[in-house]
Every structure is written in C-alpha cells, then in structure tokens.
Amino acid sequence: MSTETTASVSTHILDTSIGKPAEGVAITLSARSGFDAEWANLGGSATDADGRCKDLPALPEGTTHVRLDFETEAYFSNQHSAKKQAEAQQDAPRVRDSGAFFPEVTITFAVNPGEHYHVPLLLNPFGYSVYRGS
C-alpha cells in the first residue's frame, strides 16, 4: 500500500481525572469505503504506558471513513483505587456501578488519501473530548 493512496491513523488517551496517560485501553479500528458502505473491522490494539496506540492496522486503499472504538469501561473498572483518590481530593460524586458513565467511546471521522490522522482522546469518568492532532 502506498501512503499516497491510503490514509494512516494513530491515537493516544489522557485520563484527565488523574492527569496521566490511560494505559491498557483496548481500541478497535474499522474502516469503510463510502458513506453507505459496510464497516470492516481491521483489528485493534491497546494503549501502552504512555497512553499511545502505535500499532493500529494499516487502512486499506479506498478508505473514506474510519471508526475508533475505545473500550473505556474495563479501564475505569481497573482504576478503582485511583478514582477513590481523585474523588476524595475533588469531593466528586461516586462513579456509578461500572466506573464510567461512558462504557465505550466511538469516534467516526472522514479521511483523505495521503494524510495522517492523529486522534487524541481526553477522557474522564463523566466525559470526553477528541480532536484532530498532529
């Protein structure tokens, strides 16, 4: 595959509730070639200690839309002790059953061939924000 005919994708996650990278978040990458086309699951990976996911699968030629699925519920369940500490410091309300208001985050975006898309996720138990990074 030529980088002139395909786009590339990378991501990282910062847990803004503790001010640290979110390690171990599973991410699935899907793509489609047209607005009405079916999604093709390309595989996935998980974030490293720096919150980065450096080994996402390559996009096939003709990709026009990409979807990143972040499995946040398991991450927040594993962060129970960190949540308790943050809640005590911030006097925040206790997180509901699963530890996350958003048990998953799905980001869908359009891509153009030859361009790189870095999509950072700023995450906390009650909200998130994404943007096109560099």
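The values are calculated or read from the model by the stated rules, or taken from the named source; none is laboratory data. The shown structure was predicted, so the numbers you read here are calculated from the model rather than taken from an experiment. Heavy atoms of the whole protein, side chains included, go into the accessibility calculation; ligands, DNA and RNA do not. Shrake-Rupley method; radii C 1.70, N 1.55, O 1.52, S 1.80 Å.
Solvent exposure of the stretch 1-60 amounts to 53 Å² per residue of accessible area, where only protein heavy atoms count and the probe is 1.4 Å. Across H65, H116, the residue with the most accessible area heads the list, and the full order at a 1.4 Å probe is H116, H65. Note on A26 and F126: the extension gain reaches 34.1 nm, defined as 0.36 nm multiplied by sequence separation minus the Cα-Cα distance.
What the phi angles of the stretch 48-58 give under the Karplus curve with 6.51, -1.76 and 1.60, with θ = phi - 60°, is a coupling list of 8, 4, 8, x, 9, 10, 8, 10, 5, x, 5 Hz, glycine and proline written as x. When K20, K54 are compared by accessible area at a 1.4 angstrom probe, the order from most to least is K54, K20.
Using a probe of 1.4 Å on the protein chains alone, the accessible area found for D50 is around 80 Å².
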